Amino acid sequence: MIKSRLLLQGGCVLILQAVVFAQPQWLQYKTSLYMEDEFSTSSRYYQLEKKPADVRMPQFGQYAQKFGKWQHSMDAGKVRWIALDRTRKSGLMDLLYIDSNGDGHLDDEKPYKGVVSDRYRMAFGPVAVHFKGEDGPITYHLNLHYYSYEEQSTYLVIATGCWYEGEVIIDGKPTRVTLIDYNANGTFSDKAESSNCDRIFIGPESRRKSYYVGNYLEMADKLYRVAIAKDGATVEINPARDVAYGKVKVPVNITTFTAAGVNGLFERKPAAGEVSLPEGKYRVHEWMIERKDDKGKNWTLNGSGFPNEKAFTVAKDGTPELDIGEPAISMVNHTIRSNAYYFNQELVGKMGESISLRVGGRQPDAPSLHIYSKSGEYDRTFKLEYG
């Protein structure tokens, strides 16, 4: 929609202002059993349950069944019950029923036939479920995997089996946009202080880039506001204006810093130990230190996966200081299995984050482990291996 204000002067028309207001743009709905091969998605593990007493069941076969449930966000936290059945006495469960219409029962459902993934896993999907939306019924698809390593180790893994994509006008240019329900809870607009938010991909399939769903989207050093429909059918991306920023201090040797929050995901190159972010609450997502050795080789130390990182607040009237970066701590632990000792070495950061060390973009030679007795009778050095 274009709104203009005109002023008549001596028979001439003078355009004083023209403002373009982008409208929500519709996307196409797609499904696939092999979404994990195309996109980065998150799977949820569900333990199998006892047979629910208040759920009407279909006519099962003659062999024992298993039951599970899927939790989602589309209709006030209700769950959808799942039943697994088999057509053979032995082997994996190969039939799946799900409460697709949300009536709390399974006697009105038809089974999905599974596809064998490997000797331990049966795949079902895309499996359709239906919700009541503000503008009518909504269809959503899941991919489910039944795992059984032994009778005591059986569970369901549930991931999204659908996405939305299409051409969206951004800054007057058609741009390919893809929406992913990353956390597989039935909605596409989830924001979060952590990484448990949905994803938006920008660009054609050959070079699309993944972003966290948040209040903002930062592309090519330009900030946009993002509005995504809960069901994923529409998206609106407009240049962000009048955004308030604040400063964050990091150690001066940090060369790359990434923060995540409800505002989205932001990667920064600190200048004199400071970065600028839109006002809001964030958590440290990643940091990197780059150095060259005396032979000119480039070394990188990267920290990610912060288990206990507290949120920090960015505001105009304050500058939080983050204690991240060096030192990296080398940890060695061992286990004993069948009278054999197994040693594992890893690098961790001072906040418990995982540390990755690279030289020239590759892992350096694995370290050695020196084991010796106090008496000196045993003295050997072993070369550790990656993997």
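The values are calculated or read from the model by the stated rules, or taken from the named source; none is laboratory data. For clarity, every value in this text was computed on a predicted model and none was experimentally measured. Positions of Cβ are backbone-derived with ideal geometry, glycine not excepted, and every protein chain shown enters the neighbour counts.
Say whether the condition of being charged (D, E, K, R), at pLDDT below 90 and in contact with an Asp or Glu (Cβ under 9 Å, 6 or more places away or on another chain) is met by at least one residue in segment 359-366. No, segment 359-366 has no match at all.
Please go through segment 223-256 and pick out each residue that is touching a residue at least 40 places away in the same chain (Cβ under 8 Å) and basic (K, R). Residues satisfying the conditions are K230, K247, K249.
Kindly establish whether A259 is under 22 Å from C197 (Cβ atoms), of a type in the set (A, V, I, L, M) and touching a residue at least 60 places away in the same chain (Cβ under 8 Å). Taking the combined requirement at face value, the residue does not satisfy it. Would you check if there is a residue in segment 222-242 being outside the structural domain of S304 (by TED's automatic domain parsing), surrounded by fewer than 19 Cβ atoms within 10 Å (Cβ to Cβ), within 30 Å of T300 (Cβ to Cβ) and aliphatic (A, V, I, L, M)? So far as segment 222-242 goes, yes, one or more of its residues are outside the structural domain of S304 (by TED's automatic domain parsing), surrounded by fewer than 19 Cβ atoms within 10 Å (Cβ to Cβ), within 30 Å of T300 (Cβ to Cβ) and aliphatic (A, V, I, L, M).
Scanning segment 261-273 for residues that are buried (at least 22 other Cβ atoms within 10 Å of the Cβ) and among the aliphatic types (A, V, I, L, M) yields a single hit, L265.
Each row is one residue, and each column tells you yes or no for (1) touching a residue at least 24 places away in the same chain (Cβ under 8 Å); (2) farther than 29 Å from Y212 by Cβ; (3) surrounded by fewer than 18 Cβ atoms within 10 Å (Cβ to Cβ).
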residue	(1), (2), (3)
V275	yes, no, no
Y282	yes, no, no
L301	yes, no, no
K310	yes, no, yes
T313	yes, no, yes
S330	yes, yes, yes
Q345	yes, yes, yes
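Among the residues of segment 214-246, those identified as within 18 Å of the chain's Cα centre (by Cα) and under 22 Å from I138 (Cβ atoms) are V226, I228, K230, D231, G232. Of L48, L95, L84, all but one fail to be modelled with pLDDT of 95 or more and either assigned by TED's automatic domain parsing to the domain that holds E205 or in contact with a Lys or Arg (Cβ under 6 Å, 6 or more places away or on another chain) (or both); the exception is L84. If I filter segment 315-338 for residues that are of a type in the set (G, A, S), closer than 18 Å to T255 by Cα and not in a loop (DSSP other than H, G, I, E, B), do I get at least one hit? Among the residues of segment 315-338, not one is of a type in the set (G, A, S), closer than 18 Å to T255 by Cα and not in a loop (DSSP other than H, G, I, E, B), which makes the answer no. Within segment 103-120, the set of residues being closer than 12 Å to N143 by Cβ and not polar (S, T, N, Q) comprises Y112, G114, V115.
Filtered by the rule that a residue be among the acidic types (D, E) and more than 18 Å from Q47 (Cα to Cα), segment 83-114 gives D103, D107, D108, E109.
Of the strands (runs of 3 or more DSSP E) entirely within segment 181-272, none holds at least 3 residues that are touching a helix residue (DSSP H, G or I) at 6+ places or on another chain (Cβ under 7 Å). Kindly list, by first and then second residue, each pair from a residue in segment 22-46 that is closer than 25 Å to K69 by Cα to a residue that is in a loop (DSSP other than H, G, I, E, B) and of a type in the set (V, I, T), limited to pairs with Cβ atoms under 7 Å and residues at least 6 apart or on different chains. Sorted first by the residue in segment 22-46, then by its partner, the pairs are M35/T41. Step by step: first the residues of segment 201-213, then only those that are without any contact (Cβ under 8 Å) to a residue 60 or more places away in the chain and within 10 Å of the chain's Cα centre (by Cα), then the one that is nearest to G232 (Cα to Cα). Which residue is that? It comes out as V213. Restricting attention to segment 137-195, the residues being closer than 17 Å to K230 by Cβ, touching a Lys or Arg at 6+ places or on another chain (Cβ under 7 Å) and surrounded by fewer than 18 Cβ atoms within 10 Å (Cβ to Cβ) number 0. Within segment 339-387, the set of residues being among the small types (G, A, S) and part of a strand (DSSP E or B) comprises A340, S354, S356, S368. The residue that is farthest from G91 (Cα to Cα), counting only those in segment 41-60 that are surrounded by 13 or more Cβ atoms within 10 Å (Cβ to Cβ) and small (G, A, S), is S42.
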